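The values are calculated or read from the model by the stated rules, or taken from the named source; none is laboratory data. Everything numeric here is computed off the predicted structure, so don't read it as measured data. Note that we place each Cβ from the backbone using ideal geometry, even for glycine, and neighbour counts take in every protein chain shown.
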Amino acid sequence: MNLPSKQAYVPFVSVDNMMKLVLQIGVERVLADLVGEIEDDFRRWPKFDKTPRVASHSDVGVIELMPTSDGETYGFKYVNGHPSNMKKGLQTVTAFGLLADVGTGYPILLTEMTILTALRTAATSAMAAKWLAPKGAKVMALIGNGAQSEFQALAFKAICGIEEIRLYDVDAQATAKCMANLEGRGITLTACKTPQEAIEGAQIITTVTADKQYATILTDNMVGAGVHINAIGGDCPGKTELHRDILLRSSIFVEYPPQTRIEGEIQQMEADHPVTELWQVITGEGQGRKSPTEVTLFDSVGFAIEDFSALRYIHGKLAETGLFEQLDMIADPDDPRDLFGMLLRSA
C-alpha cells in the first residue's frame, strides 16, 4: 500500500496548540496582529464574496456557517450560539474553521475557532474603536463580564490605549472572575453595582451580554454626548441590547448591512435606516466620527471576512511555531480515477 502524498495531509490546530500558539506569541501581540490582518482585508473588501451567514435557528440557540473567498483562498467557520449552555456547564459559543485553496479545492488548514473567534471579535471591536472612538479615550465601561470580556479588555488596552475599565454584570461572580483574570495586566479595574455606575466617566461603552432576547442593557438617558458604543451582544434575530432611542441619535457603523439589519441592533429600525460600512471608513470612502459630541455606535454582529483574516493569520504562523498536527484527511489515490481501487488495496 502506497503512503498518502503531501496533499492528503491537512494542518490541524487543536485547542491545545491554539492556546500554546497564543501564549507563545503573547495575547496582546496576537490581538494587535489580528487588527492588522482584518484592516488589510477590509481595505480590499470589494474583492471578497459576501453573503449573510447561513443560520439554523432553534428555540435554544443558533448554528451558523460563515463562508467567504477572495478568489484565491476560501474560508468558512462553523459556529453556534446557545446562551442556555452556561447553565449546563457548557460554552455559549463553540467554533471551528477551514481554509482551502481555490485553485484545487483542497483544504490547507483546519483549526479550532472557539478561542480564535474570541480573539478576532475583540480585535474587530478595538479596530472599529480605533477609527470611531473619541480621541484620547482612556476609560471603558464593560457591561457583560462573561467569556468575551477579558479579550475585549486586552484588545482595547493594546489597540486603543484604554487604561481603566469599569465592569458590570448581573452575576457578580462573572465580574470577580474577569477582574482576577485581568489582574496585573496594566489596567485599572473597578467593579460596579449597576450599568449606570459603570458608564460614569467612560468614553467607550462595550456591551457584551449573552441573553437570546430583546433586552435593554442601555437606555437613552444613560448615554451622554461624545461616547463610542461597541455593541456586541446583539448578533441574531430577536436579540438586542440597546434602546431604540439610542440608535436614533447615533451615527451607526456596521460590517455588512444585509446581515446586520437582520441580526444587529438595527433590526429595531426601518429597513432603510442610514448606516456606514466600516470598510468604507478604513479606506477613506466613508466618514467616521464627525465631531467630539457625536455618539458613534459600532453595531457588531461578526462577519465572515473577519474569520477569514483570523484563519489566514493562523495559517501564516504554522511554520514559525510548529504548533499543529497533520491530519490524513483527503483521499489521495495514485490514479485519481481509481478511488475504489484505493479502497480495495487498503485491506
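One residue stands out among those in region 175-206 that are in contact (Cβ under 8 Å) with a residue 60 or more places away in the chain and assigned to a loop (DSSP other than H, G, I, E, B): the one that is nearest to ALA126 (Cα to Cα), which is GLN203.
When ILE262 is tested against (1) of a type in the set (Val, Ile, Thr); (2) more than 30 Å from GLY26 (Cα to Cα); (3) assigned by TED's automatic domain parsing to the domain that holds ASP40, exactly one condition is not met: (3). Comparison of ALA176, ALA153, ALA147, ALA225 shows that the only residue that is surrounded by fewer than 21 Cβ atoms within 10 Å (Cβ to Cβ) and within 20 Å of LEU119 (Cβ to Cβ) is ALA147.
From the list SER300, SER309, the lone residue that is out of contact with any Ser or Thr (no Cβ under 8 Å at 6 or more places or on another chain) and surrounded by 20 or more Cβ atoms within 10 Å (Cβ to Cβ) is SER309.
From the list ASP338, ASP299, ASP334, the lone residue that is in the same structural domain as GLN152 (by TED's automatic domain parsing) and over 18 Å from TYR74 (Cβ atoms) is ASP299.
Screening TYR106 on (1) crowded, with 17+ Cβ neighbours inside 10 Å; (2) farther than 22 Å from THR321 by Cβ shows it passes everything except condition (1).
Considering GLU277, GLU325, GLU270, the condition of being in the same structural domain as SER69 (by TED's automatic domain parsing) and of a type in the set (D, E, K, R) is satisfied by GLU325 alone. Selection of region 37-57 for residues being closer than 29 Å to ALA153 by Cα, of a type outside the set (Lys, Arg) and exposed (fewer than 14 other Cβ atoms within 10 Å of the Cβ) yields only ASP40. Identify all residues within region 289-311 that are over 21 Å from LEU119 (Cβ atoms) and touching a helix residue (DSSP H, G or I) at 6+ places or on another chain (Cβ under 6 Å); write none if there are none. Answer for region 289-311, where residues must be over 21 Å from LEU119 (Cβ atoms) and touching a helix residue (DSSP H, G or I) at 6+ places or on another chain (Cβ under 6 Å): ARG289, THR296. Return a yes/no flag: does region 78-92 have any residue that is among the charged types (D, E, K, R) and within 30 Å of GLU197 (Cα to Cα). Looking through region 78-92, at least one residue is among the charged types (D, E, K, R) and within 30 Å of GLU197 (Cα to Cα). Restricting SER125, SER84 to residues that are among the small types (Gly, Ala, Ser), in a helix (DSSP H, G or I) and crowded, with 21+ Cβ neighbours inside 10 Å narrows the list to SER125. Among the criteria (1) in a helix (DSSP H, G or I); (2) within 30 Å of ALA347 (Cβ to Cβ), the one PRO11 does not fulfil is (1). Quick one: in region 250-269, which of the residues that are part of a loop (DSSP other than H, G, I, E, B) and either among the hydrophobic types (A, V, I, L, M, F, W, C) or modelled with pLDDT of 95 or more (or both) is surrounded by the most Cβ atoms within 10 Å (Cβ to Cβ)? So, considering only residues that are part of a loop (DSSP other than H, G, I, E, B) and either among the hydrophobic types (A, V, I, L, M, F, W, C) or modelled with pLDDT of 95 or more (or both), the one surrounded by the most Cβ atoms within 10 Å (Cβ to Cβ) is GLU255. Of the residues making up region 42-66, those that are over 14 Å from SER309 (Cβ atoms) and either in a strand (DSSP E or B) or not assigned by TED's automatic domain parsing to the domain that holds ILE314 (or both) are VAL54, ALA55, SER56, HIS57, VAL62, ILE63, GLU64, LEU65. Somewhere in region 216-224, is a residue touching a residue at least 12 places away in the same chain (Cβ under 8 Å), within 20 Å of SER300 (Cα to Cα), of a type in the set (S, T, N, Q) and not assigned by TED's automatic domain parsing to the domain that holds ALA55? Yes, the conditions are met somewhere in region 216-224.
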